[in-house]
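The values are calculated or read from the model by the stated rules, or taken from the named source; none is laboratory data. None of these values were measured; they are calculated from a predicted model. No Cβ is skipped: glycine too gets one built from the backbone with ideal geometry, and neighbour counts run over all protein chains shown. The area values use the complete protein model at the heavy-atom level, side chains included, leaving out ligands, DNA and RNA. Shrake-Rupley method; radii C 1.70, N 1.55, O 1.52, S 1.80 Å.
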Amino acid sequence: MTNSTPAPQTPLLQVRHLCKYFPIMSKGFARKQIGAVKAVDDVNFDLMRGETLGLVGESGSGKTTCARTILRALAPTSGQAIFDTGDGVVDLAQVSEKDLKPLRQKMQMVFQDPFSSLNPRMTVGDIVGEPLVIHKLARGKELQDRVDEMLLKVGLRPEHRQRYPHAFSGGQRQRIGIARALIMKPSLVVADEAVSALDVSVQAQVINLLADLQDEFNLTYLFVAHDLSVVRHICDRVAVMYAGKIVELAESEELFENPRHPYSQALLSAVPSIDPDIKMNFDIGGEVADAGKLPPGCPFHPRCPHRFEPCDKVVPWLEPVEGSTTRTACHLYIPPEKIAAAGAAQAGSN
Amino acid sequence: MTNDTVLQIEDLKTYFYTEQGEIPAVDGVTVSLQRGKVLALVGESGCGKSVTSYSILRLIRPPGKIVGGKILFFPSDGVEPVDIAGLDETSDALYSVRGGHISMIFQEPMTALSPVHTINNQISEAILLHQDVTPAQAREMAIEMLRKVGIPGAERRIDQYPHEMSGGMRQRVVIAMALVCNPEILIADEPTTALDVTIQGQILKLIKDLVSERGTSVVFITHDLGVVAQVADDVAVMYLGRVVEKSDVRGVLKTPLHPYTMSLLQSLPGLGHRGARLPAIRGSVPNLTDIPPGCPFHPRCPHAVRGRCDVGDRPALRTFSNGGQAACVRVEEIHPHVHEVGHSNDPRVAPATV
């Protein structure tokens with residue numbers, strides 16, 4: 001594998017207009033498509049090398065579907081996911097299944113549930129070594145050595161190789177899942193709620209481990225999570241998703257200090273503070289929008305305290321916020337003439 | 001014990017008898033719930049918080065068994081207290097307590113509801129069991145209750161099945177079902193853990209309103225210290241089947257005494273600088289079959305001293321001058337500004353030989 005050192009600001013991954021729709025079928029014998037769940041709808045972002053991008057949102061916001069579509073665990077409906085392999089770029093959305101397999105070495109996933117994501121009938125050594133076997137990269141003594149090395153890196157011991165997952169605690173199992181992902185020396189790691197299932201005291205250990213490994217292997221993380229305090233701690237930038245769309249993309253500190261989109265504001269205010277004297281906001285009305293039955297215009301407008309007249313008509317798009325690196329999809333930050341132009345265009349296309 | 005106590009748990013022991021031997025899931029828990037207050041039981045998995053709450057309603061099934069202690073319930077009508085732990089499994093007294101005076105809401109709103117019965121069937125069942133009304137009256141009461149917990153279109157919703165509702169709505173139904181008999185005590189076992197953060201706020205508000213409007217007393221089980229800060233009046237922190245610290249909510253979260261509580265609070269992300277290493281607690285929670293001697297937290301404790309923390313019995317809860325209680329022999333050394341009150345034996349005189 002070539003290990004060229006690219007210029008610092010080249011994106012490892014460029015996601016452009018990525019969409020993933022699931023068809024809604026009619027009931028009965030002749031099943032016809034009568035609609036679509038727009039689980040991921042026109043998502044755009046760049047992921048820089050060595051950076052950690054958080055993808056946050058509530059259930060049904062499309063964050064996991066988005067991550068899986070990028071990795072081609074799901075076939076995208078449309079759009080591009082341009083991935084820098086180190087010797088050229090490929091569009092993951094277009095590449096054939098056959099060409100995809102070698103690329104999978106460079107992008108790995110860590111899953112949420114350390115209990116169901118490890119095969120209970122395989123030893124830890126087999127689990128961690130399996131990717132090397134599948135890709136025919138190592139066997140025999142070399143395989144063993146690489147497994148041992150990886151186990152040490154994630155804070156386990158080589159003698160754990162012979163044991164089965166049930167003998168380990170939740171935190172240790174998550175370390176096994178991390179070892180399995182990193183043994184391929186990937187450049188992109190998608191961590192889907194990787195610390196959500198862990199107890200607080202163990203969660204901190206795994207967060208530290210992820211940070212250490214990132215430094216050591218120059219990893220790029222796409223960190224899918226719903227826990228905002230974890231995201232604040234480890235992410236450089238954060239994309240907030242709502243109903244399949246990114247509604248705000250900002251530097252981590254900027255988002256937490258000065259959230260722009262009303263949904264980001266609501267989400268942050270609902271996080272319970274551990275200081276009893278700082279009261280959280282209990283009064284966010286309504287429910288998360290149903291991606292199969294989106295309201296017209298901005299999907300957040302039925303719950304939004306700041307809605308005004310274009311909000312139920314024109315779909316907002318990510319637009320830079322003046323005087324900041326943040327981009328947000330909210331009419332409050334878009335000049336009226338642009339909204340009017342977009343409204344005419346959107347009305348024409350429907 | 002004050003006059004205002006509605007539930008007093010004394011030295012509760014609930015053990016499980018398995019092939020690996022006796023598992024002391026709850027091993028001598030003493031807590032009390034004041035009328036109209038929220039008591040939070042906090043801890044990580046395996047600390048016994050849920051087993052404690054299941055014990056209160058006598059929902060422990062074999063191989064589990066309550067092997068000791070009392071669960072005293074003081075009904076508001078002033079009659080004699082009832083020791084729930086001592087009631088006969090099939091007695092009418094237990095049936096009237098469970099679901100009538102004390103009811104419970106569970107973590108997972110999907111599994112707590114029957115998928116093959118309508119909402120009306122499920123709520124009316126509870127009413128008809130505990131109150132002398134006709135099915136038509138029960139239905140009216142159920143609709144009224146759904147309205148109170150904030151379900152829009154309750155007349156229509158009542159004939160729906162759980163799968164037709166969102167997670168937040170289902171949790172409201174579960175709460176409605178628990179409240180329909182107007183219980184004095186509500187046990188909430190991780191009621192918002194499965195919910196999104198904006199919906200969590202709505203459900204927490206509902207529980208807080210219950211307390212302030214109906215005077216319901218709540219035992220709130222959670223692992224989320226943020227939720228504790230927002231809803232609890234009093235807090236008991238549990239570790240490996242015992243209470244290690246007990247105080248009011250500000251005491252536990254702002255001036256914690258026990259090293260476990262202190263470490264837990266410090267290991268939360270989002271407090272320090274972004275990217276800085278989190279002060280994690282080393283190791284992981286030991287198995288209940290293999291509880292360390294002395295203070296069970298000592299292998300993970302940054303303040304543990306050999307010869308004092310790793311020997312003998314588990315340290316007892318002691319009361320300190322700031323009003324908190326903690327089960328740690330080194331509280332006065334770690335916090336020089338507090339001293340023990342109440343008990344005469346001076347713990348600073350450590351066993352010199354060991």
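Annotations
- Residues considered: B:SER53, B:SER103, B:SER32. Of these, the only one that is in a strand (DSSP E or B), touching a residue at least 40 places away in the same chain (Cβ under 8 Å), of a type in the set (Ser, Thr, Tyr) and crowded, with 18+ Cβ neighbours inside 10 Å is B:SER103.
- Of the residues making up region A:47-71, those that are on the phi > 0 side of the Ramachandran plot and either touching a strand residue (DSSP E or B) at 6+ places or on another chain (Cβ under 8 Å) or at pLDDT 95 or above (or both) number 3.
- Under the condition of being closer than 20 Å to B:ARG61 by Cβ and of a type in the set (Ser, Thr, Tyr), the residues counted in region B:90-137 number 6.
- When we screen B:LEU94, B:LEU72, B:LEU113 for residues that are more than 23 Å from B:THR222 (Cβ to Cβ) and over 18 Å from the mean Cα position of the chain (by Cα), the only hit is B:LEU94.
- Qualifying residue in region B:149-164 (condition: within 14 Å of chain A (Cβ to nearest Cβ) and in a helix (DSSP H, G or I)): yes
- Pair list, Cβ < 6 Å and 6+ apart or interchain, from region A:188-213 residues that are more than 9 Å from chain B (Cβ to nearest Cβ) and under 16 Å from A:HIS226 (Cβ atoms) to residues that are open to solvent by 20 Å² or more (accessible area, probe 1.4 Å) and outside any helix (DSSP H, G or I): A:VAL190/A:MET109; A:ASP192/A:PHE111; A:ASP192/A:GLN112; A:GLU193/A:GLN112; A:SER196/A:GLN112; A:ALA197/A:GLN112; A:ALA197/A:ASP113
- A:PRO305 being within 14 Å of another protein chain (Cβ to nearest Cβ), in contact with a Pro (Cβ under 8 Å, 6 or more places away or on another chain) and part of a loop (DSSP other than H, G, I, E, B): yes
- Output for region B:237-289, where each listed residue is out of contact with any His (no Cβ under 9 Å at 6 or more places or on another chain) and among the acidic types (Asp, Glu): B:ASP248
- Residue that is within 14 Å of chain B (Cβ to nearest Cβ), of a type in the set (Gly, Ala, Ser), open to solvent by less than 60 Å² (accessible area, probe 1.4 Å) and assigned to a helix (DSSP H, G or I), where the choices are A:ALA250, A:ALA266: A:ALA266
- Test for A:ARG121: is it in contact with a helix residue (DSSP H, G or I) (Cβ under 7 Å, 6 or more places away or on another chain) and open to solvent by 40 Å² or more (accessible area, probe 1.4 Å): no
- Test: residue in region B:180-194 that is out of contact with any helix residue (DSSP H, G or I) (no Cβ under 7 Å at 6 or more places or on another chain), over 16 Å from B:SER76 (Cβ atoms), within 14 Å of chain A (Cβ to nearest Cβ) and not polar (S, T, N, Q): yes
- Being more than 30 Å from B:GLY201 (Cβ to Cβ), open to solvent by 40 Å² or more (accessible area, probe 1.4 Å) and in contact with a helix residue (DSSP H, G or I) (Cβ under 7 Å, 6 or more places away or on another chain) holds for only one residue in A:LEU18, A:LEU74, and it is A:LEU74.
- Some residue of region B:213-220 being within 14 Å of another protein chain (Cβ to nearest Cβ) and open to solvent by 10 Å² or more (accessible area, probe 1.4 Å): no
- Looking across region A:171-223 at every residue that is part of a loop (DSSP other than H, G, I, E, B) and open to solvent by less than 10 Å² (accessible area, probe 1.4 Å), the one that is farthest from A:PRO120 (Cα to Cα) is identified as A:LEU219.
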